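Enquirer: There's a structure below that I have some questions on.
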Amino acid sequence: MSLGGKVWITWTRKTKSNYVGKIILAAALTALCILMLKQSPSFNSRSPFSNHEPGVTHVLVTGGAGYIGSHAALRLLKDSHRVTVVDNLSRGNMGAVKVLQELFPEPGRLQFIYADLGNAKAVNKIFAENAFDAVMHFAAVAYVGESTLDPLKYYHNITSNTLVVLEAMAAHGVKTLIYSSTCATYGEPEKMPITEETPQLPINPYGKAKKMAEDIILDFHKNSNMAIMILRLFHPHVSFFHYFSLSVKTQMARLGEAPRPELREHGRISGACFDAARGIIPGLKVRGVDYKTPDGTCIRDYIDVTDLVDAHVKALEKAMPGKVGIYNVGTGRDQSRSLLRHVRRLTGVNIKVDFLPRRPGDYAEVFSDPSKILLELNWTAQYTDLQKSLGIAWRWQKLHRNGYGTSVTIADS
């Protein structure tokens, strides 16, 4: 071998040796960095939402950007629970979530996840990444009239999606379900008031879809140790929490109802009254004046959303493994005929009323017997002064003329 060949071989070996040395050095430095990171508290700390924490109940609130769901999330947060809101914002409002985030900015208190409960893969990922202790399932399309026009939407959104949530709970060991159902599952009973033993004979797709979801939950429970509470809600009206003082700051932070324009005709009558008073719609449409009631119009049991949410919280507190509780949530009173009179007095507007034929799928008379929930959960409606509740709601409407998009500051009263 020539001298030149020996020099080349020696140089090559040195180069390889240097290269290997650099790799070893880099690996050693990498290992050292990893070791130092692992010793750092921030490296080992997982998201608080992914850990079960003693003394803290982590509640998944489906539909938590909606009207009732956002109020429930607020109450849970005020009670020091950890809350995850899941919503696809098809009916919910991101403005409500922002209000909650502003009120509870502390880490580990509240998180929002944009997801559709119809996507089983996404739902399972949410359950896999979060340590839930309980689920409050509000997410649902909820307009009787719309359900008669588009029934498949209701069976998909209510029945199928509830099945997806229940399967995820079973797969990931979440043992408590508070299911927000509806009095629409009873249909049009022959006797009033409605008790929990009243036969469920729904007459519209909304009520049928909710009853199907209830049946799925009850069938599943027969071979499960899950704690189940089913709350059949009567008619929440447009109000919101009575917990805050009347300062401008807290008024700006309150939650209210701000339905999309295309959904207004399907919404709650109290909201329609306010829309008419503000000139958003030309007048109030009363559908059906030939029912077998004293004035020919529908009779309803209206409940303040504060009371409604309180019933859900009491259900969460009383839920027992292996047990099922089914409760009507209402006042037991008919206040429907006084509602328009109260709104006219509050707003000072002589709201025009158009009387129209019956709405498909509606029923004449519905009000509850709430004695069972009083006996077993110690719950009764507290905010039954309809005019006072409507007055609070009207104040929010004036402060938020375009829903959550804009707000108006007024002087303290």
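Enquirer: Condition (residue is at pLDDT below 70, of a type in the set (A, V, I, L, M, F, W, C) and touching a Phe, Trp or Tyr at 6+ places or on another chain (Cβ under 9 Å)) applied to region 217-233: is it met by at least one residue?
Expert: Among the residues of region 217-233, not one is at pLDDT below 70, of a type in the set (A, V, I, L, M, F, W, C) and touching a Phe, Trp or Tyr at 6+ places or on another chain (Cβ under 9 Å), which makes the answer no.
Enquirer: Modelled with pLDDT of 70 or more and surrounded by 17 or more Cβ atoms within 10 Å (Cβ to Cβ): which single residue out of SER336, SER389, SER371 fits that description?
Expert: It is SER389.
Enquirer: Also: Out of (1) at negative phi; (2) more than 23 Å from the chain's Cα centre (by Cα); (3) modelled with pLDDT of 80 or more, the odd one out for ALA168 is which?
Expert: Of the numbered conditions (1) at negative phi; (2) more than 23 Å from the chain's Cα centre (by Cα); (3) modelled with pLDDT of 80 or more, the odd one out for ALA168 is (2).
Enquirer: Just to be sure I understand, how many residues within region 141-173 are surrounded by 18 or more Cβ atoms within 10 Å (Cβ to Cβ) and over 20 Å from ASN88 (Cβ atoms)?
Expert: Count: 1.
Enquirer: Give me the residue from region 190-217 that is within 27 Å of LEU152 (Cα to Cα) and of a type in the set (Ser, Thr, Tyr) and, out of that set, nearest to the chain's Cα centre (by Cα).
Expert: The extreme case among them is TYR206.
Enquirer: Right, something else. Does ARG401 satisfy the condition of being at pLDDT 80 or above, out of contact with any strand residue (DSSP E or B) (no Cβ under 7 Å at 6 or more places or on another chain), surrounded by fewer than 16 Cβ atoms within 10 Å (Cβ to Cβ) and over 20 Å from ASP301 (Cα atoms)? It would help to see each step written out before you state the result.
Expert: Values: at pLDDT 80 or above: no; out of contact with any strand residue (DSSP E or B) (no Cβ under 7 Å at 6 or more places or on another chain): yes; surrounded by fewer than 16 Cβ atoms within 10 Å (Cβ to Cβ): yes; over 20 Å from ASP301 (Cα atoms): yes.
The answer is no for ARG401.
Enquirer: Can you name every residue in region 349-368 that is of a type in the set (Gly, Ala, Ser), modelled with pLDDT under 80 and under 24 Å from the mean Cα position of the chain (by Cα)?
Expert: From region 349-368, those of a type in the set (Gly, Ala, Ser) are 361, 364, 368; that's our starting set.
Cutting the leftovers down to modelled with pLDDT under 80 gives us 361, 364.
Hits for region 349-368: nothing passes.
Enquirer: Being under 26 Å from SER371 (Cβ atoms) and among the hydrophobic types (A, V, I, L, M, F, W, C) is the filter; apply it to region 196-215 and report the residue that is modelled with the lowest pLDDT.
Expert: Out of the qualifying residues, it is ILE203.
Enquirer: Those residues that are in a helix (DSSP H, G or I) and of a type in the set (Gly, Ala, Ser), I need them from region 89-138; list them, please. Working first, answer last.
Expert: Initial filter on region 89-138 (in a helix (DSSP H, G or I)): 94-103, 120-129.
Selection gives GLY95, ALA96, ALA120, ALA122, ALA128.
Enquirer: Residue under question is ASN225, and the condition is that it be surrounded by fewer than 16 Cβ atoms within 10 Å (Cβ to Cβ), touching a residue at least 12 places away in the same chain (Cβ under 8 Å) and within 25 Å of the chain's Cα centre (by Cα); does it hold? Break it down into steps so the answer makes sense when it comes.
Expert: Values: surrounded by fewer than 16 Cβ atoms within 10 Å (Cβ to Cβ): yes; touching a residue at least 12 places away in the same chain (Cβ under 8 Å): yes; within 25 Å of the chain's Cα centre (by Cα): yes.
Taking the combined requirement at face value, the residue satisfies it.
The values are calculated or read from the model by the stated rules, or taken from the named source; none is laboratory data. As the structure is a prediction and not an experimental result, all values here were calculated from the model. So basically every Cβ, Gly included, is an ideal-geometry build from the backbone, and we count neighbours across all protein chains shown.
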